[in-house]
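The structure appears right after this line, and notes come after that.
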Amino acid sequence: MAGNTRRAPRPTHIILSCLLVSAVIRLGTGGVALAEGRATHAEESPIVLAPLAPELEVSLLLESIRTRQEQLSQREIEIAERQLELSLVEQQISLQLTVLMQAEQKLADTLTIADSAAEKDLKQLTEVYEKMKAKNAAEIFGTMEVSFAAGFLSRMKPESAAGILSEMPPNAAYSISVVMAGKNANAPTE
């Protein structure tokens, strides 16, 4: 049975056969009356378009494939161009990030220098106040803002700070002492 399988006729063969039979009938019977009779029935029945010849079908299919291939090739080119653009943008961002990191490091170095210079200046000024007579230093500290004066006094040797505080009016000495005590009051003890 497997060797005797018969293929079903193709739709194009069936339509060709129908057209051939129709042509023979028309030629044999004059065809005009039969064609007029068929025309009235054709309005009632749906229109069936004849399929294209196999060669035409193949050429249309090949043309469709070529068109699609061209579209895909164009899309590949567009994607490659986009990837190139993204790569260039990525390189620019990387370069800008490097420049930004270098600027940040330079700023950090500058701040470190400025902080160390300020610290050096404060240390030197603290030593000047320590070497002054307590009474003269107390007059200067009496004109300073309380937290500013407390900052200097907390940096001094305890003996020098005590001498200056003892020469200040009691209210000013008390205010400075409260600020000095409060600076580290919330610092962890362990």
Check your understanding: Condition test on residue 88, is it assigned to a helix (DSSP H, G or I) and modelled with pLDDT under 80?
Key -> no
Study note, to complete from the structure: Here the residues within the range 171-190 that are exposed (fewer than 10 other Cβ atoms within 10 Å of the Cβ) and either at pLDDT 90 or above or touching a Pro at 6+ places or on another chain (Cβ under 7 Å) (or both) are 171
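The values are calculated or read from the model by the stated rules, or taken from the named source; none is laboratory data. Computed from a prediction, not measured in an experiment: that's the story for all the values here. Quick reminder, even Gly has a Cβ in these numbers, built from the backbone with ideal geometry, and neighbours come from all protein chains shown.
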